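The values are calculated or read from the model by the stated rules, or taken from the named source; none is laboratory data. All figures in this text were calculated on a predicted structure; none of them were measured in a lab. Cβ sites come from the backbone with ideal geometry, for glycine too, and all protein chains shown count toward neighbours.
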Amino acid sequence: MASLQIYDPFADAGFDDLFRGFFRPVRADKSAPLAIKMDVKETDQGYAVNAEIPGVKKEDIQVAIEGNQVTIAAEVKRDTEQKDGERVLRTERYYGNVYRSFALPVELDEAASEAKYDNGVLELKLAKKPAATGRKLTVQ
């Protein structure tokens with residue numbers, strides 16, 4: 001005669017490990033640069049970009065515009081001030097270079113574009129390049 005066994009899906013070790021992973025704290029890799037988070041909005045005249053770059057001086061931010069490509073780069077510097085008798089117990093902040101590059105649907109006018117940095121937010125006003133008007137050629 002065959003014996004019946006009760007199957008418990010939660011007793012399987014693989015299933016238990018799957019759900020146990022949801023409650024473990026997420027550990028960020030400190031060596032990986034953080035992404036620059038941003039919002040992009042379109043207006044009739046151009047684009048408005050707000051990019052979060054906290055902890056950076058405005059002198060350490062570079063914005064490059066080439067055609068319809070925009071690149072934002074920044075260098076996050078470490079404050080090397082350590083007082084006598086102090087020892088670092090834990091450091092989680094990222095230091096190094098971060099950048100973000102993105103393309104927009106139309107060409108941008110570099111001369112008419114503006115950048116402003118205040119309270120950790122870089123605000124870009126990117127002007128659209130006026131559309132080139134075509135000219136008709138006379139056939140000779």
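The single condition among (1) among the charged types (D, E, K, R); (2) at pLDDT below 85; (3) assigned to a strand (DSSP E or B) that D109 does not satisfy is (2).
Within region 48-104, if we keep just the residues that are in contact (Cβ under 8 Å) with a residue 24 or more places away in the chain and among the aromatic types (F, W, Y), the residue that is farthest from K125 (Cα to Cα) turns out to be Y94. Within region 66-106, being modelled with pLDDT of 90 or more and part of a loop (DSSP other than H, G, I, E, B) holds for G67, N68, L104, P105, V106. I'd like the full set of residues that are among the hydrophobic types (A, V, I, L, M, F, W, C) and within 20 Å of D44 (Cα to Cα), limited to region 86-111. Listed by number, the residues that qualify are F102, A103, L104, V106, L108, A111. Reported count of residues in region 106-131, each being among the polar types (S, T, N, Q) and surrounded by 16 or more Cβ atoms within 10 Å (Cβ to Cβ), is 1.
Which ones in region 112-130 are touching a Pro at 6+ places or on another chain (Cβ under 9 Å) and either within 14 Å of E42 (Cα to Cα) or part of a strand (DSSP E or B) (or both)?
The one that is touching a Pro at 6+ places or on another chain (Cβ under 9 Å) and either within 14 Å of E42 (Cα to Cα) or part of a strand (DSSP E or B) (or both): V121.
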